[in-house]
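The values are calculated or read from the model by the stated rules, or taken from the named source; none is laboratory data. Keep in mind that what you see is a predicted model, and the values were worked out from it rather than measured. Virtual Cβ from ideal backbone geometry, glycine too; neighbours counted across all protein chains shown. Please note that ligands, DNA and RNA were not included when accessible areas were found on the heavy atoms of the full protein model with its side chains. Shrake-Rupley method; radii C 1.70, N 1.55, O 1.52, S 1.80 Å.
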Amino acid sequence: MLGTLFVDAISTQWLEKILPLIILAAAIYTIWHKTPQSNTTVMPENCPKFHRKQYLQGLSIGFYDGMAGPGTGAFWTVSSMALYRLNILLASGVAKAMNFTSNFTSLVTFAILGHIDWVLGLTMGTCLMAGAFVGAHSAIKFGAKFIRPVFVFMVSALAVKLAYDAWFVGL
């Protein structure tokens, strides 16, 4: 909610310029980061150290999602892999749940502010649900060996598209 209120009050031109670099860094991290075996489904033990990490992770990525949005799922996935040593499948599952939570909170905040194009939003939401359905079934069926390269490709493609839009359109 704080990120949504923040973006409502500022100009986002500087964010559009740096965002592609941040998203590309997430793809590069995923390429070189070694995660546990894809068949390991053990969650880390609950402890106060993880609670502090979770608050910092949730506040920072939730703020970013409310403020900008693109690449949030990648940031959740990569940060969960790094902070809790989760494999990419578990980290992607955590990312989906957390991304939904922050998106819903932003939706409610933008609705209260009166900044929603409902037809466009519902169309996008329907397409996102269809993509999530296909992605989740692909992850279950094919595992991390398939998901990791798809994740890196999609995050890289998003970074290139955002960079093109921010740096080259309108020159």
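Ranked from largest to smallest solvent-accessible area, with a 1.4 Å probe on the protein heavy atoms, Met98, Met154 come out as Met154, Met98.
Using θ = phi - 60° in the Karplus curve 6.51 cos²θ - 1.76 cosθ + 1.60, the 3J(HN,Hα) couplings for the stretch 61-71 round to 6, x, 4, 4, 4, x, 7, 10, x, x, x Hz; x is entered for Gly and Pro. Backbone amide hydrogens, once placed in the peptide plane, bring Gly71 within less than 5 Å of nothing, excluding anything fewer than 5 places away on its chain. These residues, Arg148, Arg52, Arg85, go from largest to smallest accessible area, 1.4 Å probe, as Arg52, Arg85, Arg148. In this structure, the pairs whose alpha-carbon distance is over 29 Å, taken from Lys49/Lys96; Lys49/Lys161; Lys17/Lys96; Lys53/Lys161; Lys96/Lys161; Lys53/Lys96, are Lys49/Lys161; Lys53/Lys161.
What do you reckon, how do Cys47, Cys127 stack up by accessible area (1.4 Å probe), largest on top?
So, going from the largest accessible area down, we get Cys127, Cys47.
Under 20 Å from a point placed 7 Å out from the Cα of Met154 along the Cα-to-Cβ direction: which residues of the stretch 110-132 have their backbone N that close? Residues 121-132 fall inside that zone. FRET efficiency for the pair Asp165 and Tyr84, taken as 1/(1 + (r/R0)^6) with r the Cβ-Cβ distance and R0 = 35 Å, rounds to 0.60. With contributions of -39500 (n - 2.57) from each DSSP H run of at least four residues, the per-residue ellipticity at 222 nm computed over the chain stands at -27500 deg cm²/dmol.
Give, as a single signed number, the net charge of other residues whose beta carbon lies under 13 Å from the beta carbon of Asn103, with Lys and Arg counted +1 and Asp and Glu -1. Don't skip to the answer; put the middle values down first.
Values: positive: Lys96; negative: Asp65.
That works out to 0.
Between the alpha-carbon centres of the stretch 115-160 and the stretch 69-95 there is a gap of 14 Å.
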